[in-house]
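Okay, so here's the structure we're looking at.
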Amino acid sequence: MLDRTYDSQACSMARSLEVVGERWTLLILRDIFLGVRKFEDLHRSLGVARNILQTRLELLTKEGVVEKRPYQEGRYEYCLTSKGRELWPALMALLRWGDRHYAPHGRPRLIKHRDCGGEVTEHLTCEKCGKSLTLQDVYWEWGPGAKEWEKQKRRRARRSSTTKAKAVTGRKRAA
Ligand SMILES: [Zn+2]
């Protein structure tokens with residue numbers, strides 16, 4: 001098993017990765033950034049196993065990146081602390097990098113300026129009006145790449161159900 005920590009590294013990037021570098025963590029943060037805050041909603045939105053979601057959220061809470069806030073008797077939502085909000089530029093940089101290099105069918109998700117609908121650049125300015133933007137100034141919507149991605153997902157699901165059906169038929173024949 002791989003070590004969870006980077007003890008041999010004298011580097012702040014290694015320390016950061018110990019908190020946000022585990023699988024799913026950045027995607028959990030992305031969703032919280034985009035307004036998904038309840039455990040059940042995060043679970044549904046990400047399709048991640050509940051125990052993984054739980055341990056990631058616990059670490060993020062322990063590290064003060066997110067905080068649990070009650071919204072009802074005994075129910076909590078996860079909100080970003082100011083330390084957590086500082087990760088927004090890093091997340092935007094990753095998103096735009098992926099858009100450039102790994103979005104052959106167009107960008108799946110667009111982050112936009114509430115006031116004018118312009119897109120957010122990785123320098124956190126608005127492409128259209130040039131304003132510097134904070135997290136409160138933006139919203140998101142599906143982009144042109146999302147449709148193609150959905151299509152491929154459906155195709156994959158169909159293919160795997162056909163394979164499963166074949167496997168079942170095969171077993172029947174063998175028996
Ligand atoms: Zn704008």
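Here, each number is a calculation from the coordinates, and none is a lab measurement. Note that the structure is a prediction, hence the values are computed from the model and not measured. Positions of Cβ are generated from backbone atoms using ideal geometry, with glycine treated the same way; all protein chains shown enter the neighbour counts.
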Cα lying deepest toward the dipole's positive end in segment 1-70, options Ile52, Cys11, Leu34, charges on Cβ: Leu34
Peptides 66-74, 107-115, 38-46 ordered by average Cβ neighbours within 10 Å, highest first: 107-115, 38-46, 66-74
Amide proton proximity set for Gly106, modelled H, under 5 Å, gap of 5+: none
Electrostatic dipole magnitude of segment 116-160 [Cβ: Lys, Arg +1; Asp, Glu -1; Cα centre; debye, to 20]: 700 debye
Net charge contributed by nearby residues that have their C-beta within less than 11 Å of Lys83 (K/R +1, D/E -1): -2
Highest-first arrangement of 48-55, 21-28, where packing means the average Cβ count within 10 Å: 21-28, 48-55
Summed side-chain charge close to Ala103 - residues other than Ala103 whose Cβ falls under 11 Å, Lys, Arg +1, Asp, Glu -1: +2
Close Lys-Lys pairs in the chain, where close means Cα under 29 Å and separation is 8 or more or interchain: 27
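Which net charge results when you count Lys and Arg as +1 and Asp and Glu as -1 among the other residues whose beta-carbon is under 12 Å from that of Val20?
+1
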Whole-number D in µm²/s for the chain (Stokes-Einstein; Kirkwood sum over Cα pairs; 25 °C, 0.890 mPa s): 130 µm²/s
Mean separation of Cα contacts under 8 Å (6+ apart) over length of the chain, as relative contact order %: 14 percent
Interchain or long-range residues, amide H under 5 Å from Lys38's placed H: Tyr78
